[in-house]
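J.: Can you keep this structure in mind? I'll have questions shortly.
Nothing in this text is a laboratory measurement; each read-out follows from the coordinates by a stated rule. Keep in mind that what you see is a predicted model, and the values were worked out from it rather than measured. Positions of Cβ are generated from backbone atoms using ideal geometry, with glycine treated the same way; all protein chains shown enter the neighbour counts.
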Amino acid sequence: MLMIQVLLLINQTAAGPPKVFVPLVQFDEYKWKGRYKDGLPDGKGKLRLYSTGDLVAVFRGVLNRGHLNSGSLEVRGRFTYKGEFEAGLPEGEGTIDWGSVNYSGLFHRGLPHGKGKKVAETSNTFYIGDFVNGKECGQGAVYQRALSAQVQLEGQVSGYDFILADHIGEAHMSEWTCLYSGQWLDGKPVSTKDERKR
C-alpha cells in the first residue's frame, strides 16, 4: 500500500519528440510547460499526463534532464506526493497523501524508510517512529484520538489538540492516547516475553 513507483524516463527518438514513461499512470499524451535542455524537459515547470484526452496526473516542480528531481506529483483519484525524487522514485524527505491515510518523513527507493509519521484519518490514529521498506519496523508508537466534551479554555494547556468552535474561548478538546509504544516488525507490534505473561 505504501509503495510508490513513479518513474519518469524521457527518451529522445529520431521519429519525434521525447517520450514520457510513468508506469503507475496509464497515459498516451503529455504536455510540458518549461524549458528543454538537449531536447529533454529540464528545470522548473509543469508536466501534465493525459489518457484518451482526460488529465490523469500533474507534476509541478523540477526535472533534471527529463527525470523527476523535486516537486509535487498528483495522480488523480490515487495520491499526491510532495518531496524529493531520485531515479524517478520518492527519495529523501517527502509527504504522500492517499486521502484518508498520509505519511510524512523519509523515503528510500519509493518507500517510507527511516523516521516518519503515518496518520489514518478514518481510525483517528497515527504511528510515529521507524519504517523499513514501507512498513513500521524498529522503535515506534501508535496513538488514538479520544474526543471529550466541550470545555472552556483558560490559561495554558499542554498535551492536547484543540478544534476551535464558533465561539471565542470555547473548544472541543481531544486527547491522544498511546495504544502501543515499543518495537515493531513488518508493520506489527512486537511483544516481549514479559508482556505475553501478563
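J.: Rank these for me by crowding, 181, 100, going from fewest to most other beta carbons within 10 Å. Show your work: numbers first, answer last.
T.: Values: 181 14, 100 10.
Fewest to most other Cβ atoms nearby, the residues stand as 100, 181.
J.: Right, something else. What is the fewest-to-most order of 179, 106, 40, 49 by other Cβ atoms lying within 10 Å of their Cβ?
T.: On the way: 179 12, 106 20, 40 17, 49 23.
Lowest count first: 179, 40, 106, 49.
J.: Name the long-range amide H neighbours of residue 107: under 5 Å, sequence gap of 5 or more, or other chain; modelled H, no Pro or chain starts.
T.: Placed amide hydrogens put 92, 93, 94, 113 under 5 Å from residue 107.
J.: For the pair residue 37 and residue 98, what calculated FRET efficiency results from E = 1/(1 + (r/R0)^6), where r is the Cβ-Cβ distance and R0 = 30 Å, to the nearest 0.05? Intermediate results must be reported in sequence, preceding the final value.
T.: On the way: r = 34 Å, r/R0 = 1.12.
Between residue 98 and residue 37 the formula returns 0.35.
J.: What's the exposure ranking of 122, 95, going from fewest to most Cβ atoms within 10 Å?
T.: In increasing order of surrounding Cβ atoms, one gets 122, 95.
J.: Return the whole-Å distance between the Cα centroid of the stretch 104-124 and the Cα centroid of the stretch 53-71.
T.: The two parts, judged by their Cα centres, are 22 Å apart.
J.: Rounded, prolate or oblate, given the Cα gyration tensor of the stretch 35-95, with a/c below 1.5 counting as rounded?
T.: Oblate, because a/c is 1.5 or more while a/b does not exceed b/c.
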